[in-house]
Amino acid sequence: MSAWLRRRRSGTPDYDPAFGDRALEEGCQDMAMGRWEGARDLLAQHPREDWDRRAHRIRLLADAAADRHTVDVWHASDPSDPDAAVLRAETEVMRMFAVARGGAMPGREALDRASELCLRAAGVAPRDPHPYVSLVALARLYEGGDPNLGHWWKELRARDPFHREGHHQALRYLSARWHGSHGEAYNFAWDTAVYAPVGSPLAVLPQVARAEQFRYAQAEQGRSAIGLAAHWSGGRAQWDLREALEKWIGGRAVAYAQDVADLNHLAHGLVHAGMEGEAGPVFALLENRATRVPWSYTGDAEGSFIRWRDRVLGS
């Protein structure tokens, strides 16, 4: 019996923010303990054109570094190192979001300093799209949004036109929660899904937009504001789900770094649309690996995942 099947039968989902990337997990542990050499070696040995996995690694390393000075020391010791510059910039963006989560939006001066760090990183690493991913994320924190967003988005797509993390950050910017509307978010997600190449996880972006709309309605208007059945099982919703199954899962030749997160969004949408038969292969691909989002939007995250997993796969 496989390890994941044993865990499934025990009832405990596997929550792993590194999504199985053990080298990344070790690098984050080192960063939290004040050692930056592990992150340096990890990023240095990483294939330069694998922007997808690089983005996943940089974001988790930055999250581990946000409440430490580890990456600041590394960057100060070698400001010309592109990996140090990019990670230092992303870490500063993480710090700005930590301030916002604490209830006080960071001031314009602090945001501009973070923006300048990102632009310097882009100068040190001119082919790397990640400094522009950081800028697109940071743009959400500017009051009324940032007028430079269009330029940053153009620069990002010039380096990687179908950058998974970049598109997710842009979707958040365009959501009703930040600087757009449900309509703008859906239109962006639909356009992205249509033009993304076969096998790209960007086909699931409409499910992310749909989950975020549900979350927003619940927070703004209360639990009865929008019904599960009507929200996920409508004609357009089911069409989006079938497109994701055909274009992404049907054409999936390689695993992307954040497939676990995207597969959870797809499985969540399928079960709430009444498409349990189609959800089986998606849960099988997950191998019991869960994420709290989007399951937490529709109830207890762990309980919901377990209930649907066992119902679809058989307990």
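Of everything in the range 273-295, what is farther than 11 Å from L313 by Cβ and polar (S, T, N, Q)? Give them in sequence order.
T291, the sole residue that qualifies.
Would you call R311 closer than 20 Å to A196 by Cα and either out of contact with any Ser or Thr (no Cβ under 6 Å at 6 or more places or on another chain) or at pLDDT 95 or above (or both)?
no
Is it the case that Q258 is under 16 Å from the mean Cα position of the chain (by Cα), under 18 Å from P17 (Cα atoms) and modelled with pLDDT of 95 or more?
It is true that Q258 is under 16 Å from the mean Cα position of the chain (by Cα), under 18 Å from P17 (Cα atoms) and modelled with pLDDT of 95 or more.
What pairs come up if the first residue lies in the range 140-158 and is touching a residue at least 24 places away in the same chain (Cβ under 8 Å), the second is assigned to a helix (DSSP H, G or I) and open to solvent by 70 Å² or more (accessible area, probe 1.4 Å), and their beta carbons are under 7 Å apart, counting only those six or more places apart or on different chains?
If the second residue must be assigned to a helix (DSSP H, G or I) and open to solvent by 70 Å² or more (accessible area, probe 1.4 Å), the pairs left are R140/R172.
Assuming L24 fulfils every condition listed in (1) surrounded by fewer than 20 Cβ atoms within 10 Å (Cβ to Cβ); (2) closer than 30 Å to F305 by Cα apart from one, which condition is it?
Status for L24: all satisfied but (1).
Residue by residue, here is whether (1) open to solvent by 60 Å² or more (accessible area, probe 1.4 Å); (2) in contact with a helix residue (DSSP H, G or I) (Cβ under 7 Å, 6 or more places away or on another chain); (3) touching a residue at least 24 places away in the same chain (Cβ under 8 Å) holds:
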site	(1), (2), (3)
E49	yes, no, no
R59	no, yes, yes
D63	yes, yes, yes
A66	no, yes, yes
V71	no, yes, yes
G103	yes, no, no
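Name the residue, out of V93, V136, V99, that is open to solvent by 20 Å² or more (accessible area, probe 1.4 Å), of a type in the set (V, I, T), under 22 Å from the mean Cα position of the chain (by Cα) and within 28 Å of Y216 (Cα to Cα).
Exactly one residue qualifies, and that residue is V99.
Could you list all residues from the range 154-209 that are hydrophobic (A, V, I, L, M, F, W, C) and in contact with a His (Cβ under 7 Å, 6 or more places away or on another chain)?
L156, A176, L202, V204, L205, V208
Going by the structure shown, is L241 under 20 Å from S304 (Cα atoms) and either at pLDDT 95 or above or of a type in the set (D, E, K, R) (or both)?
yes
Which of the residues belonging to the range 290-315 are in contact with an Asp or Glu (Cβ under 7 Å, 6 or more places away or on another chain) and open to solvent by less than 30 Å² (accessible area, probe 1.4 Å)?
A290
Is the range 172-187 home to any residue that is open to solvent by 10 Å² or more (accessible area, probe 1.4 Å), under 22 Å from A301 (Cβ atoms), modelled with pLDDT of 95 or more and not β-branched (V, I, T)?
Yes, because at least one residue in the range 172-187 is open to solvent by 10 Å² or more (accessible area, probe 1.4 Å), under 22 Å from A301 (Cβ atoms), modelled with pLDDT of 95 or more and not β-branched (V, I, T).
Going through the range 276-289 one residue at a time, which ones are over 19 Å from the mean Cα position of the chain (by Cα) and open to solvent by 10 Å² or more (accessible area, probe 1.4 Å)?
Residues satisfying the conditions are E276, G277, E278, G280, P281, A284, E287.
What pairs can you find where one residue is in the range 182-209 and under 27 Å from E220 (Cα atoms) and acidic (D, E), the other is open to solvent by 10 Å² or more (accessible area, probe 1.4 Å) and not in a helix (DSSP H, G or I), and their Cβ atoms are less than 9 Å apart, with a gap of 6+ or different chains?
If the second residue must be open to solvent by 10 Å² or more (accessible area, probe 1.4 Å) and not in a helix (DSSP H, G or I), the pairs left are E184/S175; E184/A176.
Report, by residue number, each residue of the range 102-116 that is within 21 Å of the chain's Cα centre (by Cα) and either over 17 Å from D67 (Cβ atoms) or of a type in the set (V, I, T) (or both).
S115
Filter the range 234-275 down to the residues that are among the acidic types (D, E) and in contact (Cβ under 8 Å) with a residue 60 or more places away in the chain, then identify the one that is surrounded by the most Cβ atoms within 10 Å (Cβ to Cβ).
This residue is D262.
Can you tell me which residue among A55, A98, A76, A39 is in a helix (DSSP H, G or I) and within 18 Å of Q258 (Cα to Cα)?
A55
The values are calculated or read from the model by the stated rules, or taken from the named source; none is laboratory data. These numbers were taken from a predicted model, which means no experiment stands behind them. Cβ: placed from backbone, ideal geometry, glycine included. Neighbour counts: every protein chain shown. To get the accessible areas, we keep the full protein, side chains included, count just its heavy atoms, and leave off ligands, DNA and RNA. Shrake-Rupley method; radii C 1.70, N 1.55, O 1.52, S 1.80 Å.
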